[in-house]
Amino acid sequence: MPENVAELSESLATAGYLTDEQLATALFLAVRMAQPILLEGEPGVGKTEAAKALSRALDTPLIRLQCYEGLSLADALYEWNYPRQLLGIRLAEARGEQLSETDLFSEDYLLARPLLAAIEHPGPRPAVLLIDEVDRADDEFEAFLLELLAESTVTIPELGTRRAVLPPIAVLTSNRTRELHDALKRRCLYQWIAHPDSERVAAIIRLRVPGIEGWLAERVAAAVRRFRSLELYKPPGVAEAINWASALHVLGVEVLDETALRRTMSAVLKYEEDRAAVEAAGLAYVAGDG
């Protein structure tokens with residue numbers, strides 16, 4: 001485990017994630033205080049990647065739960081392997097035996113989903129539990145998380161209560177499509193991740209796109225900033241900047257001009273309306289030639 005913020009920041013950079021002092025401090029406290037952390041920010045600023053990089057920096061597994069509307073406890077916590085239970089019943093009948101309820105609802109038939117897997121992770125270091133886009137889940141699921149995050153325990157009626165030997169390092173992310181309840185926020189450290197400035201975006205591109213020319217990373221970062229100055233439906237974030245830079249690098253682009261921008265807009269813009277808005281604003285402006 002890192003001894004200080006600087007050590008964690010260096011480990012994150014080695015894992016391919018550049019961070020500022022505020023975020024590095026928040027992640028360090030989440031690790032050392034064993035307290036969940038909620039990362040909020042616009043899509044594409046690196047919230048999910050922060051959790052992934054943290055698991056690499058700590059050399060511990062990442063266990064990810066992708067939230068969505070209608071997410072059930074069976075999908076998130078555990079469920080019983082019904083096909084295997086049915087097979088067990090048929091085999092027992094063929095042998096002239098009878099299985100009891102205790103036999104059927106045992107460890108052999110339990111399927112651990114992300115939350116239970118994180119609770120039962122044996123170590124030697126706690127797993128990083130990524131609860132991604134928690135704002136997309138229902139209020140009922142958010143309420144269930146309160147006990148899990150506060151106590152690092154889950155209850156399976158047939159088997160009893162499971163308590164984590166090594167409570168997971170819980171990282172929750174939210175795009176703020178809805179406000180989360182205060183009770184959940186009180187249990188978490190909090191960090192807002194803003195879109196980084198052009199200098200940091202260029203540094204991230206150089207780190208994540210091996211072999212890219214420095215000038216191209218800088219031009220892409222500046223162009224992304226100009227993209228974001230337009231009223232787009234989905235302004236590009238860091239993830240799109242990396243993807244676009246990779247595309248330009250693969251194509252061997254030597255000049256980021258209108259032609260190169262037109263050829264590669266599919267790598268950075270995800271909606272036709274946004275492409276039309278960029279065309280209307282002028283490709284020369286976005287490319288930095290006008």
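The values are calculated or read from the model by the stated rules, or taken from the named source; none is laboratory data. On a predicted model such as this, the values are computed, not experimentally measured, just so you know. Please note: Cβ atoms are built from the backbone with ideal geometry, for glycine as well, and neighbour counts cover all protein chains shown. Surface areas here come from the heavy atoms of the whole protein model, side chains and all, with no ligands, DNA or RNA. Shrake-Rupley method; radii C 1.70, N 1.55, O 1.52, S 1.80 Å.
Data table
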{"quantity": "For the range 181-236, accessible area per residue (1.4 Å probe, heavy atoms of protein chains only), Å²", "calculated": "55 Å²"}
{"quantity": "The chain, helix-only ellipticity at 222 nm - DSSP H runs n ≥ 4, -39,500 (n - 2.57), divided by all residues, nearest 500", "calculated": "-14000 deg cm²/dmol"}
{"quantity": "Size of electric dipole in the chain: Cβ of Lys, Arg +1 and of Asp, Glu -1, about Cα centre, debye, nearest 20", "calculated": "500 debye"}
{"quantity": "The range 1-151 shape via C-alpha gyration tensor axes, a/c threshold 1.5", "calculated": "prolate"}
{"quantity": "The chain - percent relative contact order, Cα under 8 Å, separation 6 or more", "calculated": "21 percent"}
{"quantity": "Neighbourhood net charge (15 Å Cβ-Cβ; Lys/Arg +1, Asp/Glu -1) for Ala15", "calculated": "0"}
{"quantity": "In Å², nearest 10: area of His181 left accessible to a 1.4 Å probe", "calculated": "90 Å²"}
{"quantity": "Inter-label distance for Glu199 and Ala74, nm, one decimal - labels placed 7 Å from Cα along Cα-to-Cβ", "calculated": "5.4 nm"}
{"quantity": "Probe 1.4 Å, all protein chains present, accessible-area order of Asp20, Asp135, largest first", "calculated": "Asp20, Asp135"}
{"quantity": "C-alpha center-to-center spacing [the range 198-246, the range 1-70] in angstrom", "calculated": "21 Å"}
{"quantity": "Carbon + sulfur, % of accessible area of the chain - ligands and nucleic acids excluded, 1.4 Å", "calculated": "50 percent"}
{"quantity": "Dipole in debye (nearest 20) - the range 1-49, about Cα centre, beta carbon charges: Lys, Arg +1; Asp, Glu -1", "calculated": "160 debye"}
{"quantity": "Size of the range 177-290 as Cα extents on the principal axes (Å, biggest first)", "calculated": "52, 33, 20"}
{"quantity": "Per-peptide average of other Cβ atoms within 10 Å, ordering 182-190, 90-98, 141-149 highest first", "calculated": "141-149, 182-190, 90-98"}
{"quantity": "Relative contact order %, the range 101-220, counting alpha carbon pairs below 8 Å whose residues are six or more apart", "calculated": "27 percent"}
{"quantity": "Heavy-atom accessible area per residue - the range 104-157, 1.4 Å, Å²", "calculated": "40 Å²"}
{"quantity": "Stretch gain in nm, segment Thr102-Ala284, where the contour uses 0.36 nm per residue and the Cα spacing is subtracted", "calculated": "58.5 nm"}
{"quantity": "Whole-Å distance, taken between Cα centres, linking the range 114-188 and the range 255-273", "calculated": "40 Å"}
